[in-house]
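Colleague: Below is one structure. I have some questions about it.
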Amino acid sequence: MYTERFYREKMGKRFKSFIVRIRETDLWIGIDNDSFSSHFVKIAYEEVENSRKQIIAYAATHDNFYTSFSPLSCDSQAPQIVKKMLCAGQEAHVGPMAAVAGAIAQKVGYALLKAGAREVIVENGGDLFLKVEKPIVIGIFSGNSPLNGKVFLEIKESESPCGVCTSSATVGHSFSFGKADAVTIISKDAAIADGLATRYCNEVKSKKDVKRVLQTFKYNFGGMVVIVQDVLGSVGKNVHFVGETPTL
C-alpha cells in the first residue's frame, strides 16, 4: 500500500532531491547542490532494483524470511543486502524485514557517495541514511502525541555517516507489539538502527515503560528517543535536541 510521504515537503532546499519509486520501495534522495549530477538518479534506481531482486530471490528459498518476528541466522552465502538484514536482526533481536528500510537506504547512500556525492540523505519510509558536511536538523513525527512537531534533533557532521530510524505503533501500517508514538534510534549502521527502533518500539507498552527501555540501551555510538503520548525520554551521547524540548 502506498502512503503519501507528506513530511517530504519539509525537507528544505539544502539538497537537490529526487524520488526513486519501485513497487513497495519509495525513496526520497537529497544530494548537495554542488556535487549533484543527473547520473546519480540512474545509480540510485540500479541499487534499489538490484537490492529488491536479491531480497526477493533469497526469500523465495527461505520461507520465513518475510514473516519471522525473531532473528534468523546470519548466512555467509546470502547476497550483501540480505546478509546486512540478517545480521541487523541478530543484533537487534528482531526479524530481518525489520531492517529492510534502513538497509536499502544505506546501500543506496553509500553507492551515491562512492559515485562522487559529498552530502547524501536517503529517506525510506521515515528511516534515514545520511552523510553531511555540516549539521542538519531532523524532526521526529509522532502522530497524535502532543509532542508531535516539537522534537528536533541535530546530527553533527562528525557523527555521520549514520542512520536515523524511527518506529511507531500508532503511525503508519507497520505491525508493532508496542504502544509508542515514536522510537528513534541513531546508529552508525542504518540497518541496525532500523532493527533497534522496531525492537524498542515493541517493548514500550505504556508511559511507564519509557525509563526501563532507556536503561537497556547500551550502544556506545548513537542514542535513542522515545515518545509515548505526552512523555519523552532520551539516552545517548549523540542525541542533541534543538530548541526547548520536554524531558522525562
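Colleague: Looking at segment 10-42, which of the residues that are part of a helix (DSSP H, G or I) and more than 12 Å from V122 (Cβ to Cβ) is modelled with the lowest pLDDT?
Modeller: Applying the first criterion (part of a helix (DSSP H, G or I)) to segment 10-42 yields 10, 39-42.
With the extra rule that they be more than 12 Å from V122 (Cβ to Cβ), the set shrinks to 10, 39, 41-42.
Values: K10: 57, H39: 96, V41: 98, K42: 98.
Ranking the qualifying residues of segment 10-42, first place goes to K10.
Colleague: Across segment 160-180, which residue is most open to solvent (accessible area, probe 1.4 Å) among those that are modelled with pLDDT of 95 or more and not hydroxyl-bearing (S, T, Y)?
Modeller: P161
Colleague: So, in segment 129-152, of the ones that are part of a strand (DSSP E or B), at pLDDT below 95 and within 14 Å of the chain's Cα centre (by Cα), which residue ends up surrounded by the most Cβ atoms within 10 Å (Cβ to Cβ)?
Modeller: Restricting to residues being part of a strand (DSSP E or B), at pLDDT below 95 and within 14 Å of the chain's Cα centre (by Cα), the top hit is I138.
Colleague: Which count do you get for residues in segment 160-212 that are under 16 Å from I140 (Cα atoms), touching a helix residue (DSSP H, G or I) at 6+ places or on another chain (Cβ under 7 Å) and β-branched (V, I, T)?
Modeller: 7
Colleague: Another question about this same structure. It is to be established whether one or more residues within segment 74-85 are open to solvent by less than 90 Å² (accessible area, probe 1.4 Å), within 28 Å of C201 (Cα to Cα), among the acidic types (D, E) and touching a helix residue (DSSP H, G or I) at 6+ places or on another chain (Cβ under 7 Å).
Modeller: Yes, because at least one residue in segment 74-85 is open to solvent by less than 90 Å² (accessible area, probe 1.4 Å), within 28 Å of C201 (Cα to Cα), among the acidic types (D, E) and touching a helix residue (DSSP H, G or I) at 6+ places or on another chain (Cβ under 7 Å).
Colleague: When you check K218 against the structure, is it of a type in the set (D, E, K, R), at pLDDT below 95 and under 26 Å from M97 (Cβ atoms), yes or no? Steps first, answer last, please.
Modeller: Details: of a type in the set (D, E, K, R): yes; at pLDDT below 95: yes; under 26 Å from M97 (Cβ atoms): yes.
It is true that K218 is of a type in the set (D, E, K, R), at pLDDT below 95 and under 26 Å from M97 (Cβ atoms).
The values are calculated or read from the model by the stated rules, or taken from the named source; none is laboratory data. Keep in mind the model is a prediction, meaning the values are calculated, not measured. When we count neighbours, we look across all protein chains shown, and the Cβ atoms used for this are built from the backbone with ideal geometry, even at glycine. Protein only, heavy atoms only, side chains kept; ligands, DNA and RNA dropped before computing areas. Shrake-Rupley method; radii C 1.70, N 1.55, O 1.52, S 1.80 Å.
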